[in-house]
Amino acid sequence: SIVKELTRLGNTDHTGLLNPIDRPLSYGTAGFRCLATDLPFVVFRVGALAGLRARQLGQCIGVMITASHNPMLDNGVKVVDPMGEMLVEDWEVHATEFVNAKDDEVAAVIEKLEHLVKEGQLNASETPQGKVFCAFDTRDSSQYLHDAAKKGCEFVGTEFVSLGLLTTPQLHYSVRCENDPTFGMAGELGYYESLSNAFNALNKNIDAPNYDKMLVLDCANGVGASKFRKLLGRIDSELLEVEFTNETGSLNYKCGADFVKILRSFPEGLDAAMGVRCASFDGDADRLVYFYRDTNGFCRLLDGDKIAALIAGFIQSEVDAAGLTGQFKIGAVQTAYANGNSTAYIRDVMKIPVDCVPTGVKHLHHAAIKLDIGIYFEANGHGTVVFSQLFKDAISQGDQDNVHLKKLQLFTKLINETVGDAMSDLLVVETILRNNNWSVEDWDAIYEDAPSCQLKVEVKDRTVVKTTWDETECTHPAGLQKEMEELIIANGAGRAFVRPSGTEDVVRVYTEGTCEENAKVLANAVAHLVQKYCA
Ligand code: G16
């Protein structure tokens, strides 16, 4: 029986692949995440699910083992669909059902999924094979969980290919290339080649006296450190020089994009001089934020919102200069965490429409692909740009002497369209700053952030907090939203919202106010409310 087989497989490496957990797990914002020690059976089942999905579509599917910005002792697993995008929602539901099945229910779930596989094969022109690409980041538990994924995938008879240590976006990119070779070459080398060629071409022969090629990079002690060194090795040193920090210490500990974004302070181990441009990756290098020390010695943050505004401005001016004004739908996609002033700047000053969707790259990506040029970024630094085939055809078939068309073509190669990618986004930001002849202060000055505050609140059960679709209002527990609105009025101004995290066992609080202190006071008051309602 399947239970016997799972026991046998688990016993061979002492992982115990049976379900030892008594609480429900759900496929959250970015897959399953929890303490790594609880994960072997989850990853085994996700490996099996990915194998079945690959056979259903007859394509390559990705499995990434990472808990991104979360602490070292956590880990997680998520599935990447064929075009490098997040897993479709109905398979997220299957994943949750599969992972929560009791051991003696596993056979029935596999049988149900096998049925979907057969239906897929009936619709396919030839018998689809399918395979699974798996990669992991630098956590101690990664290799061990990778082995569980392999067992799960092979358990359902699908080919498993290990890509080893990669950043999360490199796995997304490789899956896309494997299924769509016109996109690029699967694997690390193809990725470095494509990005570095585009960067070198976009930046050469540009005289930019206000741009300083020196950058200080905080790698969150994660996989981005070694991978970005490889990428940088292919970049012309006349164009960009990087001083690396936090390469090998404790993962995400007092450093990295999440730390810098939430605390708005310098990561440990990085002591920047005034005006020096600095950037932070997160643990698996899918998020990027910038910062610098201002003339008062304070840390000034340039987060995902400011990166989005920078990119939107560049693309819009290149599209205009290329003679394509008004021919394509361009738009930005944000979440409720977007700073109010960034939304106002993009929408009212740049005249680019802005859509607001729930947290999670999958929501932003889906909204962005409805546009010809969809710029999507979460404030936490996770984002990218996607282009329609119509737009790509127009820029590749247009007049090849038009330098702006050429720039736009190279830009589509520089950005990793499959998902938010810290390494690719960093090269994009550096390219735009050089092309604009801007210092970090020039970029920072495009708009002033509204004062804001973000907190995490630990509660007994975060799932009791429920929100409207766009997460701007809380629907449960009843009464919380009303009291929150009273607090906002009593506070004199601003806005506030709460939502349960999909990656950590916390409720998140976000506020904006008249000044930093005012936003903080409001956030603390809302946090108390959350504790009261979730007690
Ligand atoms: C993941 C998701 C992001 C999301 C973040 C926080 O990022 O990919 O889209 O913003 O989690 O989500 P939540 O607020 O639900 O915990 P990462 O970098 O951790 O993979």
Being within 19 Å of Pro20 (Cβ to Cβ), of a type in the set (Asp, Glu) and within 14 Å of the ligand (Cβ to nearest atom) is the filter here, so list the residues in the stretch 64-104 that pass it. Asp74
Among the residues listed as Asp212, Asp207, Asp271, the single one being charged (D, E, K, R), assigned to a loop (DSSP other than H, G, I, E, B) and in contact with a helix residue (DSSP H, G or I) (Cβ under 9 Å, 6 or more places away or on another chain): Asp212
Restricting the stretch 255-266 to residues that are more than 14 Å from the ligand (Cβ to nearest atom) and within 15 Å of Phe298 (Cβ to Cβ), which is modelled with the highest pLDDT? Phe266
Hey, can you tell me all the residues within the stretch 489-512 that are modelled with pLDDT under 95, touching a Pro at 6+ places or on another chain (Cβ under 9 Å) and crowded, with 19+ Cβ neighbours inside 10 Å? Gly494
Do we find a residue being modelled with pLDDT of 95 or more, under 16 Å from the mean Cα position of the chain (by Cα) and either under 14 Å from Ile311 (Cβ atoms) or within 12 Å of the ligand (Cβ to nearest atom) (or both) anywhere in the stretch 343-354? no
Exception for Asp147 within (1) within 30 Å of Glu247 (Cα to Cα); (2) crowded, with 23+ Cβ neighbours inside 10 Å; (3) touching a residue at least 60 places away in the same chain (Cβ under 8 Å) falls at (2)
If you go through the stretch 308-322 one residue at a time, do you hit one that is more than 24 Å from Ile262 (Cα to Cα) and within 16 Å of the ligand (Cβ to nearest atom)? no
When the stretch 383-405 is examined, which residues are found to be assigned to a loop (DSSP other than H, G, I, E, B) and under 18 Å from Met83 (Cβ atoms)? Ser388
Could you run through the stretch 46-66 and say how many residues are over 21 Å from the mean Cα position of the chain (by Cα) and either of a type in the set (A, V, I, L, M) or not assigned by TED's automatic domain parsing to the domain that holds Met86 (or both)? 5
Could you tell me whether any residue of the stretch 37-59 is surrounded by fewer than 24 Cβ atoms within 10 Å (Cβ to Cβ), within 16 Å of the ligand (Cβ to nearest atom) and in contact (Cβ under 8 Å) with a residue 40 or more places away in the chain? no
So Ser396 ticks every box in (1) outside the structural domain of His363 (by TED's automatic domain parsing); (2) without any contact (Cβ under 8 Å) to a residue 24 or more places away in the chain; (3) more than 28 Å from the chain's Cα centre (by Cα) but one. Which box is left unticked? (1)
Right, Ala322: crowded, with 17+ Cβ neighbours inside 10 Å and either among the basic types (Lys, Arg) or over 21 Å from the mean Cα position of the chain (by Cα) (or both) or not? yes
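The values are calculated or read from the model by the stated rules, or taken from the named source; none is laboratory data. A quick note: this is a predicted structure, and the numbers were derived from the prediction, not measured. Methodologically, a virtual Cβ is constructed for each residue, glycine included, from the backbone with ideal geometry; neighbour enumeration extends over all protein chains shown.
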